[in-house]
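Below is one structure, written out as structure tokens; the observations come after it.
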Amino acid sequence: MKVYKVPLRLELQPDGGFTVTSPALRGLVTEGETVAEALAHAAEALELVLEDYEAEGTPLPEVLRQEVTVIEIDYPVVRP
């Protein structure tokens with residue numbers, strides 16, 4: 001499985017929810033009611049955008065071609 005370090009921009013919407021875009025990947029635009037939902041949708045959108053890049057024969061932006069070390073940490077989400 002390839003791992004990509006993708007910069008994301010989460011924008012709180014006036015009526016609630018979040019819009020997610022990436023300055024590095026044209027076409028990655030999604031949304032969600034919560035941050036967690038928006039990020040889950042962003043992961044799905046990333047898969048689709050990468051498929052489009054591959055189908056079009058478009059090289060990935062340089063920022064995505066860099067080697068990444070991944071460390072996974074599980075922690076409980078604490079809500080006030």
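The values are calculated or read from the model by the stated rules, or taken from the named source; none is laboratory data. Values in this document were obtained by computation on a predicted structure and should not be read as measured data. When we count neighbours, we look across all protein chains shown, and the Cβ atoms used for this are built from the backbone with ideal geometry, even at glycine. To get the accessible areas, we keep the full protein, side chains included, count just its heavy atoms, and leave off ligands, DNA and RNA. Shrake-Rupley method; radii C 1.70, N 1.55, O 1.52, S 1.80 Å.
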Are any of the residues in segment 46-55 surrounded by 10 or more Cβ atoms within 10 Å (Cβ to Cβ), in a loop (DSSP other than H, G, I, E, B) and not aliphatic (A, V, I, L, M)?
no
Which of the residues spanning segment 4-52 are at pLDDT below 90 and among the aromatic types (Phe, Trp, Tyr)?
Tyr4
Give me the pairs: first residue in segment 20-33 and over 17 Å from Leu64 (Cβ atoms), second residue polar (S, T, N, Q), beta-carbon distance under 9 Å, and six or more apart or on different chains, which are they?
Thr30/Thr19; Thr30/Thr21; Glu31/Gln13; Glu31/Thr19; Gly32/Thr19
Hits in segment 58-69 (condition: open to solvent by 60 Å² or more (accessible area, probe 1.4 Å), assigned to a loop (DSSP other than H, G, I, E, B) and not polar (S, T, N, Q)):
Pro59, Arg65, Glu67
Just need a number here: residues in segment 10-39 that are open to solvent by 40 Å² or more (accessible area, probe 1.4 Å), of a type in the set (Gly, Ala, Ser) and closer than 24 Å to Asp52 by Cα.
1
